Amino acid sequence: MLAPYAVEHSLGRRFPEPQHPYRNDFQRDRDRVIHSRAFRRLEAKTQVFTRRYSDHFRNRLTHTLEVAQISRTIAAQLGLNVDLVEALALVHDIGHPPFGHAGGRALDAVMRQHGFFFDHNLHALRIVEDFELRYAAFRGLNLSFEVREGIIKHSRDYDPAEYPELSEYLLESRPPLEAQLIDATDELAYNTADLDDGYEAHLLAFDQIQEGVPLFAGFLNEVQRLYPDAPEKLQFNEVIRRMLDRWVGDLIQNTKQRIGKAGEGARPTLEDIRAYPQRLVSLSPESEAARRETKDFLHKNLYFCSALQPEKEAAERIITDLFELWMQHPGKLPESYREKAEDEPLARVICDYIAGMTDPYIYERYDKFCGS
């Protein structure tokens with residue numbers, strides 16, 4: 001049973017299609033995303049750590065699957081459309097370039113030198129609208145309006161005056177709760193996962209985390225009372241599990257309360273959610289403070305630590321060098337991209353090419369064109 005504020009039906013697709021006999025629109029969207037080339041490439045794109053540390057750590061694909069699992073759980077408790085939530089979770093990161101956030105920053109920097117910019121949400125929209133070629137009847141995946149809207153609006157708002165080309169996506173309105181949820185679950189997933197991977201990589205020490213993350217320390221006291229003889233790693237696992245469970249439970253309860261207030265005494269409708277001046281999916285102030293403490297700790301002690309700096313510098317160098325090489329010698333681009341450059345700015349075409357690469361492939365391209 002869906003809540004009255006949930007998305008029940010799609011507003012349609014860009015190219016109308018007959019209804020499937022046993023899958024609804026959002027189930028079809030989920031399946032189209034899973035079978036796309038862009039989704040498969042996530043397996044070889046960095047989340048935080050490259051494979052030189054271990055192949056046990058999260059990559060973009062495993063992170064995406066974790067976000068989908070958490071999102072489905074919360075969506076069911078809130079009475080949201082679980083199929084739409086799952087589709088949005090699975091597609092939310094397909095626009096990321098190689099080398100994680102370092103790659104995204106490097107690509108945006110070189111694009112700005114040529115009067116453009118890189119935004120992974122907008123790039124994801126380009127992927128599902130144009131780049132994926134699987135159907136004879138149309139370009140792209142022909143996803144539902146709600147999934148396309150959620151791709152660009154799940155994590156930020158776009159000013160209608162600055163992005164007139166996105167006017168069809170109701171930029172003056174809030175996205176549905178299904179899309180709002182993805183931004184929250186993304187944060188919860190990587191805050192706990194990055195603590196885990198950082199500890200496994202020996203870049204974060206047990207005592208260091210205990211001292212720098214109060215929520216971790218609080219749960220550790222409980223775990224050590226329950227399992228005093230357990231190995232440190234298993235105690236660590238128990239703490240991380242409790243942290244995630246605390247945040248998920250809090251997100252459910254606090255969002256329910258905020259939804260209730262938005263209805264002004266009645267259960268709000270989807271139209272009420274879209275018209276509400278704020279996003280409604282959020283942690284309580286206390287849990288949000290704990291999440292921010294955790295995120296600040298990760299930024300200070302992991303994301304910008306000296307051990308990861310060489311890889312970030314390499315990512316910047318590789319992307320910058322390849323970008324400028326192809327700007328100066330577009331004839332070295334693959335034929336399909338040379339053809340695209342006849343109709344689109346060369347910088348945008350090169351950006352599209354690089355953003356679609358996996359980590360191994362961009363290394364191979366760099367060795368071929370820029371190696372000594």
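Kindly evaluate PHE57 against the criterion of being of a type in the set (A, V, I, L, M, F, W, C), touching a strand residue (DSSP E or B) at 6+ places or on another chain (Cβ under 6 Å) and modelled with pLDDT under 95. Can you show your working first?
Values: of a type in the set (A, V, I, L, M, F, W, C): yes; touching a strand residue (DSSP E or B) at 6+ places or on another chain (Cβ under 6 Å): no; modelled with pLDDT under 95: yes.
Criteria not met by PHE57.
Is there a residue in the range 244-253 that is without any contact (Cβ under 8 Å) to a residue 60 or more places away in the chain and aromatic (Phe, Trp, Tyr)? First the steps, then the outcome.
Our first condition is that a residue be without any contact (Cβ under 8 Å) to a residue 60 or more places away in the chain; within the range 244-253, this holds for 245-247, 249-250, 253.
The next check asks that each one be aromatic (Phe, Trp, Tyr); those that pass are 247.
Scanning the range 244-253, I find at least one residue that is without any contact (Cβ under 8 Å) to a residue 60 or more places away in the chain and aromatic (Phe, Trp, Tyr), so the answer is yes.
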Which numbered condition ILE354 fails, given (1) within 30 Å of ARG246 (Cα to Cα); (2) hydrophobic (A, V, I, L, M, F, W, C); (3) crowded, with 18+ Cβ neighbours inside 10 Å | (1)
Restricting attention to the range 238-253, and to residues there that are in contact with a Leu (Cβ under 6 Å, 6 or more places away or on another chain) and under 17 Å from LEU177 (Cβ atoms), which single residue is surrounded by the fewest Cβ atoms within 10 Å (Cβ to Cβ)?
-> ASP250
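Starting from residues that are hydroxyl-bearing (Ser, Thr, Tyr) and touching a Leu at 6+ places or on another chain (Cβ under 8 Å), keep the ones in the range 151-184 and report whichever is nearest to LEU2 (Cα to Cα). Talk me through it step by step, then tell me what you get.
Of the range 151-184, the ones hydroxyl-bearing (Ser, Thr, Tyr) are 155, 158, 163, 167, 169, 173.
Now narrow it down to the ones that are touching a Leu at 6+ places or on another chain (Cβ under 8 Å): 158, 163.
Working: TYR158: 28, TYR163: 33 Å.
Out of the qualifying residues, it is TYR158.
Considering only residues that are in contact with a Ser or Thr (Cβ under 9 Å, 6 or more places away or on another chain) and in a helix (DSSP H, G or I), look in the range 254-270 and name the one that is surrounded by the most Cβ atoms within 10 Å (Cβ to Cβ). Full working, then the answer.
Our first condition is that a residue be in contact with a Ser or Thr (Cβ under 9 Å, 6 or more places away or on another chain); within the range 254-270, this holds for 254-255, 257-258, 263.
Subset that is in a helix (DSSP H, G or I): 254-255, 257-258.
On the way: ASN254: 19, THR255: 24, GLN257: 12, ARG258: 16.
The qualifying residue surrounded by the most Cβ atoms within 10 Å (Cβ to Cβ) is THR255.
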Lone unmet requirement of (1) closer than 18 Å to ASP108 by Cα; (2) of a type in the set (Gly, Ala, Ser); (3) without any contact (Cβ under 8 Å) to a residue 40 or more places away in the chain for ALA355 = (3)
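Being among the aliphatic types (A, V, I, L, M) and crowded, with 22+ Cβ neighbours inside 10 Å is the filter here; which residues of the range 156-180 pass it?
Here is the first cut: in the range 156-180, the ones among the aliphatic types (A, V, I, L, M) are 161, 166, 170-171, 177, 179.
Passing the criteria: LEU177, ALA179.
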Which one of the conditions (1) closer than 30 Å to PHE49 by Cβ; (2) over 23 Å from the mean Cα position of the chain (by Cα); (3) modelled with pLDDT under 95 does LYS261 fail to meet, given that it meets all the rest?
-> (1)
The range 15-36 residues that are surrounded by 11 or more Cβ atoms within 10 Å (Cβ to Cβ), paired with ones that are among the aromatic types (Phe, Trp, Tyr) and part of a loop (DSSP other than H, G, I, E, B) (beta carbon under 7 Å, 6 or more apart) = PHE15/PHE138
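Return a yes/no flag: does the range 188-195 have any residue that is touching a residue at least 24 places away in the same chain (Cβ under 8 Å), part of a helix (DSSP H, G or I) and of a type in the set (Ser, Thr, Tyr).
yes
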Just need a number here: residues in the range 75-89 that are aliphatic (A, V, I, L, M) and over 20 Å from the mean Cα position of the chain (by Cα).
-> 2
Answer yes or no: is there a residue in the range 250-271 that is over 21 Å from SER71 (Cα atoms) and aliphatic (A, V, I, L, M).
-> yes
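The values are calculated or read from the model by the stated rules, or taken from the named source; none is laboratory data. Given the structure is predicted, the values throughout are model-derived calculations rather than measurements. Methodologically, a virtual Cβ is constructed for each residue, glycine included, from the backbone with ideal geometry; neighbour enumeration extends over all protein chains shown.
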